[in-house]
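*Asks:* Have a look at this one before I ask anything.
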Amino acid sequence: MKNIFVCVKQVPDTTEVKWDTEKGTLKREGVASILNPFDLYALEEALRIKDKDPEVRVIALTMGPKQSQEILKECVSLGADEGILLSDALFAGSDTLATSYALSRAILHRGDPWIVFAGKQAIDGDTAQVGPGIATWLGLPQATYVRKVESLEEGKAVVERLTEEGYERVEISLPALFTVVKEINTPRLPSLRGKMKAKSFQPLLWSAQEVGAEEERVGLRGSPTQVKRVFSPPQKEGEGERVEGKPEVLALRLSTLLKEWKVL
């Protein structure tokens, strides 16, 4: 059996986020949560591989509170075979390092990863660090920002990944970890059979102890990065300047202002 793990995350719906101006934090109470959109592309790519290979088993994996099982049910409705939820008070306050460590322990506990997929980043943090962190903990080769899985053969894969200059074609040994971008595919909708299966589905619920995670490596104890305060940047007051004229006049005025502001 070829196990494909798909790391997913429950995030606040950005259209529903509210701000607590007194505390300087996001209001999460009563805010709708969704499956991180980038993770849908990761799941879809895993399912497309499964569609072509009956030996593939797709395992959705997440870490969070008990309500995170809802996104695992969504994954199952789309075609995932299993769902694993890491949920433990010890995980509270985990940064990207502690999170990637915990997820890597769960993958090792389940065993035999062939491919690990993740979205390029989560929309609530935008760090793009968890996927590469998991690969590092597991000692797996990795390719980030993958836009196409070109081929999968015995012991190796060929993928295309986005770069600042365009894209590059990479050959990588398996098992490996890939983070994907939305250009890779178009996610499917859940089938009626999938929805019925998801209704009665119960994910595996694992604690830190069950996956063999060391307490000093998870939660706040295992997190060198901690957010002290979140705030909106102050708005600049004052009127803007409107300049009209030919392009060369506009360019001259803009360059003059940039020099005055010491940008140039």
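The values are calculated or read from the model by the stated rules, or taken from the named source; none is laboratory data. Given the structure is predicted, the values throughout are model-derived calculations rather than measurements. Neighbour counts are summed over all protein chains in view; Cβ atoms, including those assigned to glycine, are modelled from backbone coordinates with ideal geometry.
*Asks:* When the residues of the stretch 153-174 are narrowed to those that are assigned to a loop (DSSP other than H, G, I, E, B) and free of Cβ contacts under 8 Å to residues at least 40 places away in the same chain, which ends up nearest to Pro141 (Cα to Cα)?
*Replies:* Gly155
*Asks:* Need pairs with beta-carbon distance below 9 Å; first residue under 18 Å from Leu189 (Cβ atoms) and within the stretch 51-76, second buried (at least 24 other Cβ atoms within 10 Å of the Cβ) and polar (S, T, N, Q); sequence gap 6+ or separate chains.
*Replies:* Once the first residue is under 18 Å from Leu189 (Cβ atoms) and sits in the stretch 51-76, its partners that are buried (at least 24 other Cβ atoms within 10 Å of the Cβ) and polar (S, T, N, Q) give Ile71/Thr62; Leu72/Thr62; Cys75/Thr62.
*Asks:* State all residues of the stretch 246-264 that are surrounded by 10 or more Cβ atoms within 10 Å (Cβ to Cβ), within 42 Å of the chain's Cα centre (by Cα) and of a type in the set (D, E, K, R); if no residue qualifies, say none.
*Replies:* Hit for the stretch 246-264 is Lys259, nothing else.
*Asks:* Say we look at the stretch 128-175 and pick out the residues that are under 20 Å from the mean Cα position of the chain (by Cα) and among the hydroxyl-bearing types (Ser, Thr, Tyr); which of these is nearest to Asp95 (Cα to Cα)?
*Replies:* Thr136
*Asks:* So which helices (runs of 4 or more DSSP H) are wholly in the stretch 29-138 and hold at least 1 residues that are surrounded by fewer than 22 Cβ atoms within 10 Å (Cβ to Cβ) and of a type in the set (S, T, N, Q)?
*Replies:* Output list reads 69-78, 96-110, 130-138.
*Asks:* What is the residue count in the stretch 139-152 for residues that are part of a strand (DSSP E or B) and under 30 Å from Gln209 (Cβ atoms)? Spell out the reasoning first.
*Replies:* Pass one, the stretch 139-152, residues part of a strand (DSSP E or B): 142-152.
Narrowing further to those that are under 30 Å from Gln209 (Cβ atoms): 142.
The qualifying residues number 1.
*Asks:* Separate question: For the stretch 199-236, which positions are surrounded by fewer than 10 Cβ atoms within 10 Å (Cβ to Cβ) and within 21 Å of the chain's Cα centre (by Cα)?
*Replies:* Pro224, Gln226
*Asks:* Next question, about the same structure. Would you point out which residue out of Thr256, Thr186 is within 30 Å of Cys75 (Cβ to Cβ) and polar (S, T, N, Q)?
*Replies:* On the way: Thr256 fails: within 30 Å of Cys75 (Cβ to Cβ).
None of the other options fit; the residue is Thr186.
*Asks:* Mind checking which residues of the stretch 66-97 are among the acidic types (Asp, Glu) and within 18 Å of Val6 (Cα to Cα)?
*Replies:* Correct list: Glu70, Glu74, Asp81, Glu82.
*Asks:* Name the pairs whose Cβ atoms lie under 6 Å apart, with the first residue in the stretch 123-145 and over 19 Å from Lys182 (Cβ atoms), the second among the aromatic types (Phe, Trp, Tyr), and 6 or more positions between them or separate chains?
*Replies:* Correct list of pairs: Trp137/Tyr101.
*Asks:* If you go through the stretch 235-264 one residue at a time, how many are among the hydrophobic types (A, V, I, L, M, F, W, C) and outside any helix (DSSP H, G or I)?
*Replies:* 4
*Asks:* Any residue that is of a type in the set (Gly, Ala, Ser), at pLDDT 95 or above and closer than 20 Å to Leu43 by Cα - is there at least one of those in the stretch 85-99?
*Replies:* So far as the stretch 85-99 goes, no, none of its residues is of a type in the set (Gly, Ala, Ser), at pLDDT 95 or above and closer than 20 Å to Leu43 by Cα.
*Asks:* With (1) surrounded by 15 or more Cβ atoms within 10 Å (Cβ to Cβ); (2) of a type outside the set (Lys, Arg); (3) part of a helix (DSSP H, G or I) as the list, and Pro187 as the residue in question, which single condition is left unmet?
*Replies:* The one condition Pro187 does not meet is (3).
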